[in-house]
Amino acid sequence: MARNVNVGLIQCATPFDPAWSIEKIQKDALDRHMPLIEEAGKKGVNILGLQEIFNGPYFCPSQDPKWYAAAEACPGPTTEIMQKLAKQYQMAIVVPIYEREQAGVYYNTAAVIDADGAYLGKYRKHHIPHTNGFWEKFFFKPGNGGFPVFQTRFAKVGVYICYDRHFPEGARALGLNGAEIVFNPSATVAGLSKYLWKLEQPAHAVANGYFVAASNRVGDEAPWNIGTFYGTSYIVDPRGKFLATASEDKSELVVATCDLEQIEETRRTWQFYRDRRPDAYADLTRP
């Protein structure tokens, strides 16, 4: 018997005027997302994923401490808004935000909210890049919460954020922890890694026998202009097959129906979990 889950991803352009206050910038970004969130609810999406730090720009090219003011508690004001929407539409939502744990301690975080509006928990991005245009260590502390999996009404959900996708270890940990669908919210621009966008995450799906839902921004964000966010958000099945793909340049919702029974079917064919050799992998844990 099929276990169908309607999975949705939103990719959204978030241009802003640098003269605006951070509060106005965040409100404008939220306002841009609201019609797409409402569209997802009306279309019967069961689990919706938003893009990395969805309620504002990708500010990491700046190394400007003013953006620390964009951080908030998790759970907090933004998750409360999303909890109401989740309950209204009976739709679980993955909500990536900039988290403030305490003064001077900030994380790149994604909250997971269930379809009844309950806050289930959060994932904090583990792998933090620090290179030209992506000065993330200036803004984020590496995640310290492991690789949790959240039992939503519809499926067991894991989260891996942007740069995390280059590291197979956490992707495997999510599978071992029982994830059926892994969301990867991202902020990725055209350039060196673009060819990897449709390579690495389908490979994670195949290696671990689960669905992957990868979201990305679209458009350009002044004043930094580090490149164009190329969208192409997509959902793939446990065999790496693309079920739905968004455009490169439009703010939009992309939806696919995922039959979770395919996980069992795939793993009976490809016995990667049976045949893995953790006793032989000690070198992987060496610094």
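The values are calculated or read from the model by the stated rules, or taken from the named source; none is laboratory data. Predicted, not measured: the structure shown is a model, and the values here were computed from it. Positions of Cβ are generated from backbone atoms using ideal geometry, with glycine treated the same way; all protein chains shown enter the neighbour counts.
State all residues of the range 106-142 that are among the small types (G, A, S), surrounded by fewer than 22 Cβ atoms within 10 Å (Cβ to Cβ) and under 23 Å from P77 (Cα atoms); if no residue qualifies, say none. Steps first, answer last, please.
To start, the set of residues in the range 106-142 that are among the small types (G, A, S) comprises 110-111, 115, 117-118, 121, 133.
In the following step, the residues that additionally are surrounded by fewer than 22 Cβ atoms within 10 Å (Cβ to Cβ) were identified as 115, 117-118, 121, 133.
Result: A115, G117, A118, G121.
Once the range 147-162 is narrowed to residues that are assigned to a strand (DSSP E or B) and of a type in the set (A, V, I, L, M), the residue that is nearest to the chain's Cα centre (by Cα) is V159. Being among the small types (G, A, S), crowded, with 17+ Cβ neighbours inside 10 Å and touching a strand residue (DSSP E or B) at 6+ places or on another chain (Cβ under 6 Å) is a property that G44 lacks.
Can you tell which of A214, A205 is touching a residue at least 40 places away in the same chain (Cβ under 8 Å) and either on the phi < 0 side of the Ramachandran plot or assigned to a loop (DSSP other than H, G, I, E, B) (or both)?
Numbers: A205 fails: touching a residue at least 40 places away in the same chain (Cβ under 8 Å).
Within the list A214, A205, the selection yields A214.
Which of the residues belonging to the range 1-51 are in a loop (DSSP other than H, G, I, E, B) and closer than 24 Å to V236 by Cα?
Step one: filter the range 1-51 for residues in a loop (DSSP other than H, G, I, E, B), giving 1-3, 12-21, 43-46, 50-51.
Passing the criteria: M1, A2, R3, C12, A13, K43, G44, V45, N46, L50, Q51.
Among the residues of the range 168-189, those that are hydrophobic (A, V, I, L, M, F, W, C) and within 16 Å of E52 (Cβ to Cβ) comprise V182, F183, A187, V189.
Within the range 68-83, residues that are at pLDDT 95 or above reach partners that are surrounded by 15 or more Cβ atoms within 10 Å (Cβ to Cβ) and polar (S, T, N, Q) with beta carbons closer than 6 Å, at six or more positions or on different chains, in the pairs C74/T109; T78/N55. For residues that are closer than 29 Å to I25 by Cβ and among the small types (G, A, S), scanning just the range 219-253, find the one that is surrounded by the most Cβ atoms within 10 Å (Cβ to Cβ). Out of the qualifying residues, it is S233.
The set of residues from the range 222-269 being touching an Asp or Glu at 6+ places or on another chain (Cβ under 6 Å), under 30 Å from Y58 (Cβ atoms), of a type in the set (A, V, I, L, M) and assigned to a loop (DSSP other than H, G, I, E, B) comprises just one member, A246. Scanning the range 75-105 for residues that are part of a strand (DSSP E or B) and crowded, with 21+ Cβ neighbours inside 10 Å gives A92, I93, V94, V95, P96, I97, Y98, E99.
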